[in-house]
Each structure stands twice: as C-alpha cells, then as structure tokens.
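The structure appears right after this line, and notes come after that.
Just so it is clear, none of the values below were taken in a lab; they were calculated from the coordinates. Quick caveat, the model's predicted, so the values are computed rather than measured. Every residue, glycine as well, gets a Cβ built from its backbone with ideal geometry; the counts of neighbours run over all protein chains shown.
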Amino acid sequence: MIEMSRWIALITALGLTGSLAMVQAESQAAKNNSAKKPNIIFLFSDDQQENTVAEFGNPHIKTPNLDSLAKAGFSFRQTYCGGSYSGAVCVASRSMLMTGRHWMQIKDTKNWTGLKTLPAVLSSQGYHSHIVGKWHNGSRTLLNSFQSGSSVFLGGMTNHIEVPLSDIKNGKLTKRRVEKGFSSTMFADAAVGFLSQEHTKPYFLYVAFTAPHDTRNPPLAYREMYYKNLPPVPANFLPLHPFDNGLLHPRMRDESLAPWPRPKEMIQQQMAEYYGLVTHLDEQIGRILAAIEKRSDRENTYVIFTADHGLSLGQHGLMGKQSLYEHSMKSPLIIRGPKVPKGKSTRALTYVHDLHPTILKLAGIHKTPAVNTADLAPLWQGEKDAVRETVFMGFSGKIRSIRDKRWKLLVYPEINHSQLFDLQKDPLEIVNLAGRAETQKISSRLMTSMQEWHKTLGDEQALHTDTPKPKEVDYSGFKQRRDRWQPDWIFKKYFR
C-alpha cells in the first residue's frame with residue numbers, strides 16, 4: 001500500500017487539491033474515530049468473596065480503594081461464575097470470560113478450538129492488548145490472545161513471595177524468571193509501568209492478580225492488623241458439611257487447608273490472613289488507579305474490577321470454591337467509566353462472562369454473544385432492570401443449581417438430594433426448605449427452568465439416579481495433605 005504521505009505528494013503534484021482535501025479529511029476522521037474508542041482496564045482478583053468489599057456492607061475489612069471505585073462507578077451485586085467442570089474453578093471461569101460461552105458450550109476447554117478470545121477480537125479491531133499476571137489456560141491460548149505482556153504467571157497458584165514470571169515479546173514468551181517480593185505488588189508494578197508509557201492505540205490492559213487465593217501469607221503488617229481484631233466466623237459456619245456433595249475428600253486440596261471438624265478459632269485466623277491479602281491487594285489496585293489519573297486519556301477509560309469466583313472459609317463446613325453455594329460462586333463486580341453513573345448498583349442476575357459482550361460493545365464491536373451472555377450496559381443506563389430471569393450453574397457431574405430473584409434450588413444427582421433456599425429471607429443458605437409441602441410448587445417451577453437450561457446448554461447430566469450413593473460422610477479417616485506451595489509457618493499453624 002502507498003503511504004499517506006506519498007498519496008498527498010502525488011495528489012499535490014497532479015494539482016488535485018480537492019482530492020487532497022478529501023484525503024486529509026478522511027485521514028483526520030479515521031484518527032478521530034480511533035481516538036474515541038475507550039481504553040479498557042480489567043482488574044481480576046482470584047478467589048475473592050463478593051462480600052469482601054467494605055462498601056458492600058462488611059464492617060470487618062478495609063478496602064478503601066475498592067470503596068472509592070464503587071462510589072465512582074456502578075456495582076453489580078449478584079454476579080456469578082457459571083460453575084466448573086473440575087476443582088480448578090478459575091480455569092472454567094476464565095475460559096467462559098475469554099470466549100463468552102458457558103463452560104458446557106466449550107468443546108475444547110484447553111485450547112478453545114475455533115473460538116476467538118476477547119483480547120484477540122479487540123486486537124483485530126485496532127486495540128493493543130496487554131496482559132499482566134495470572135493466565136491459567138495454557139501458553140498457546142495466551143499467545144493467541146495478547147499482543148504483549150509483562151510479569152505473566154502461567155499457572156494456577158504459587159507462593160505469593162516467589163513467583164515464576166515471563167513476558168510476551170514479539171509474539172513469544174521470554175525465559176521464565178523467579179521474582180521475590182509479593183505477587184500483588186509485582187503485578188501492580190507491571191501495570192503501572194504499562195500505564196506510564198505513551199500508547200498510540202486504544203488499549204485493553206488485563207491485570208490478573210493471584211490474591212487472595214491461598215497461600216494465605218500476606219505481608220506481616222497486613223495480617224497483623226486483623227489478628228488484633230479477628231473477624232467473626234460466618235453466620236453459616238459449620239464444623240462439617242452435613243452430607244456428601246461428591247467433592248469432600250482430602251484429595252480436593254482446598255478442603256485440606258483446615259482439619260475436620262473445622263475449629264472456629266482457626267477459621268478466624270485464616271479469615272484474618274485472607275482479609276490481609278484482600279487489603280494488600282486493594283492497596284495495589286489503588287496504585288493502578290492513581291496511575292490512570294495521571295494519564296491524559298483517563299476520561300476515556302473504563303475500569304472493570306471483578307473476581308473469577310468466590311470461596312468458602314468455614315461456611316457450610318467447607319474451605320474451597322468447589323460448591324455452588326453463594327459464597328463460592330458470587331463475585332464482586334464494579335464498572336467505572338464514561339457515562340457510567342456514580343455510586344449506583346443493581347441486584348440483577350448477572351454472570352462474570354457477561355463481561356465478554358459488554359466489553360466488546362464498549363469498544364464499538366457488535367459481535368453476536370452466545371445465548372447465555374448479556375451486555376450489561378443497559379443495566380447502568382437504566383434501560384433494563386434485568387438481563388435474565390434465572391442463573392444456572394453446574395459443577396462437573398456433582399451439583400446443579402438454579403436461582404431466580406428470590407429462590408435457589410441445588411440438586412446433587414449422585415445422592416438424589418436437593419436444597420431449596422429462600423434467599424430473600426435466608427441469604428446465607430442456612431434453612432433447607434426442599435421437600436416441604438408448602439414449597440413443592442416452587443421446587444417444581446425451578447426444576448422446569450433448570451431443564452430448560454439443560455436443553456439450551458446441551459447439559460447431559462441426569463438430575464436423578466436409580467442407584468444413589470450414601471449421603472453420609474465418614475470424616476474419621478480424613479487427613480490433611482500439604483501441597484508444595486504452603487510455607488512452613490502455615491504448615492505448622494494449620495496442618496495437624
């Protein structure tokens with residue numbers, strides 16, 4: 001192609017000044033259109049419960065920067081991960097976000113064959129896509145998605161104070177190096193470094209932290225601030241989960257993070273360390289927000305904060321995210337940006353992977369989303385008060401759940417067990433109303449809706465079996481299994 005300067009020289013030499021004016025006008029219009037495309041900064045935490053933001057009503061945690069973000073943006077208070085096909089829930093959650101599809105619609109969950117990822121689509125439409133932090137979906141999909149990257153961690157978890165990192169340069173990963181410090185600080189450093197540079201294109205900056213995922217070893221000062229005033233145990237704390245959900249065994253590593261039965265005092269200590277991770281993460285997010293404010297394009301920048309899913313910390317006797325309870329599947333979600341109302345929120349039912357079509361629309365890219373995703377902009381624009389009537393979640397072949405505005409039904413097909421919760425009166429899912437005569441119609445209605453989701457997603461999991469397994473769990477033989485990431489002090493403190 002002939003460069004613009006050569007076109008102008010040729011047109012001038014031929015005396016075609018009208019044509020010259022037209023070319024210059026078109027060139028300026030193209031520049032203006034490019035300039036109007038907003039920057040998008042995506043801040044992604046790992047294993048963060050929805051209620052770990054002080055602004056959302058938790059008086060026991062300190063999150064001043066997330067509080068400020070919520071006050072300056074729009075919060076989605078009922079956002080869910082769609083479940084998982086394995087115990088590594090973050091893999092499924094990130095697959096759904098990147099492809100805009102429920103995990104049941106992704107045939108090749110490792111390589112996403114034939115599916116173009118969110119950053120790849122953005123890159124093809126004039127964006128510069130850059131990644132910082134965690135990528136748990138393989139190097140092939142990483143390099144097919146992002147044009148560049150700094151301080152990239154390929155994996156699911158690591159000790160926060162020793163992180164193996166690589167960069168993406170010229171389409172390739174650099175040799176891995178192990179950096180010492182703290183993961184959240186390292187990732188914030190890389191994000192601030194990217195934001196300190198000049199960018200000629202609109203950019204998609206994806207910053208995926210590994211906090212507050214265990215290991216729960218925040219810098220000493222951040223855990224000590226909570227040791228001095230320990231958070232109370234959750235109101236839905238149980239020493240043991242009351243039945244076998246199919247995922248209760250020491251090989252499920254998250255469940256080994258505390259002994260059976262769960263001691264209340266130990267749960268409070270782990271909550272102190274978990275909250276310390278969140279507060280330290282919040283401080284690093286504050287550094288990124290400050291770097292945005294220094295940029296001339298700050299008014300044309302969207303900031304999105306969310307988490308891949310939640311976690312159990314003693315709730316229902318569990319220690320991981322391998323369940324479909326609210327505390328494990330709900331994520332915080334805040335969006336700040338041009339024309340987004342400040343300090344507003346919604347309780348509309350949304351998914352984390354709704355952010356896929358939402359981000360594309362913000363970038364002016366009108367792709368047809370998968371059947372179960374929704375553009376969230378109409379919620380903050382006041383055009384809609386809901387984008388779906390129900391949220392469906394599935395965990396491998398072990399659990400299925402569905403909820404509407406008020407009610408939630410969970411089904412455990414292997415043991416023919418169900419739970420029904422009135423989330424309006426019982427948001428912590430304590431009182432099981434399944435099997436009662438007065439709730440039979442509600443259970444039937446939700447089961448019909450669940451079967452409709454099955455059809456839509458191609459879910460072949462039966463919801464009942466003729467040969468159920470026992471519901472009871474024999475915890476007497478359970479022994480904790482230490483994994484290679486836990487530092488010695490955590491092992492000595494919590495592993496018995």
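Table for the structure above
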{"quantity": "Fraction of beta bridges assigned by DSSP in the chain that are antiparallel (%, nearest 5)", "calculated": "50"}
{"quantity": "Links that overshoot a 24 Å alpha carbon limit, given the list LYS201/LYS361; LYS116/LYS405; LYS107/LYS405; LYS36/LYS294; LYS71/LYS180; LYS321/LYS398", "calculated": "LYS116/LYS405; LYS107/LYS405; LYS71/LYS180"}
{"quantity": "Burial ordering of ARG496, ARG484, ARG403, fewest other beta-carbon atoms within 10 Å first", "calculated": "ARG484, ARG496, ARG403"}
{"quantity": "The range 399-477 - percent relative contact order, Cα under 8 Å, separation 6 or more", "calculated": "30"}
{"quantity": "Ranked ASP375, ASP426, ASP474, criterion: other C-beta atoms within 10 Å, fewest first", "calculated": "ASP474, ASP426, ASP375"}
{"quantity": "Ranked by how many other beta carbons lie within 10 Å on average, peptides 278-284, 246-252 from highest", "calculated": "278-284, 246-252"}
{"quantity": "Protection proxy ranking of 166-175, 133-142 - average other beta-carbon atoms within 10 Å, highest first", "calculated": "133-142, 166-175"}
{"quantity": "Highest to lowest packing among 327-333, 293-299, 223-229, scored as the average C-beta count within 10 Å", "calculated": "327-333, 223-229, 293-299"}
{"quantity": "Those lysines that a straight Cα-Cα span of less than 19 Å connects to LYS479, excepting residues fewer than 8 apart in one chain", "calculated": "LYS264, LYS492, LYS493"}
{"quantity": "In Hz, Karplus ³J(HN,Hα) per residue of the range 482-495 (6.51, -1.76, 1.60; θ = phi - 60°; x = Gly, Pro)", "calculated": "6, 9, 6, 8, 5, x, 4, 5, 6, 4, 5, 7, 10, 9"}
{"quantity": "C-alpha center-to-center spacing [the range 474-488, the range 236-310] in angstrom", "calculated": "20"}
{"quantity": "Between the range 180-205 and the range 341-368, the alpha-carbon center distance in angstrom", "calculated": "24"}
{"quantity": "Proxy reagent accessibility, fewest Cβ within 10 Å first, across THR448, THR467, THR306", "calculated": "THR467, THR448, THR306"}
{"quantity": "Size of charge dipole - the chain - debye, nearest 20, with Cβ of Lys, Arg +1 and Asp, Glu -1, no other charges", "calculated": "500"}
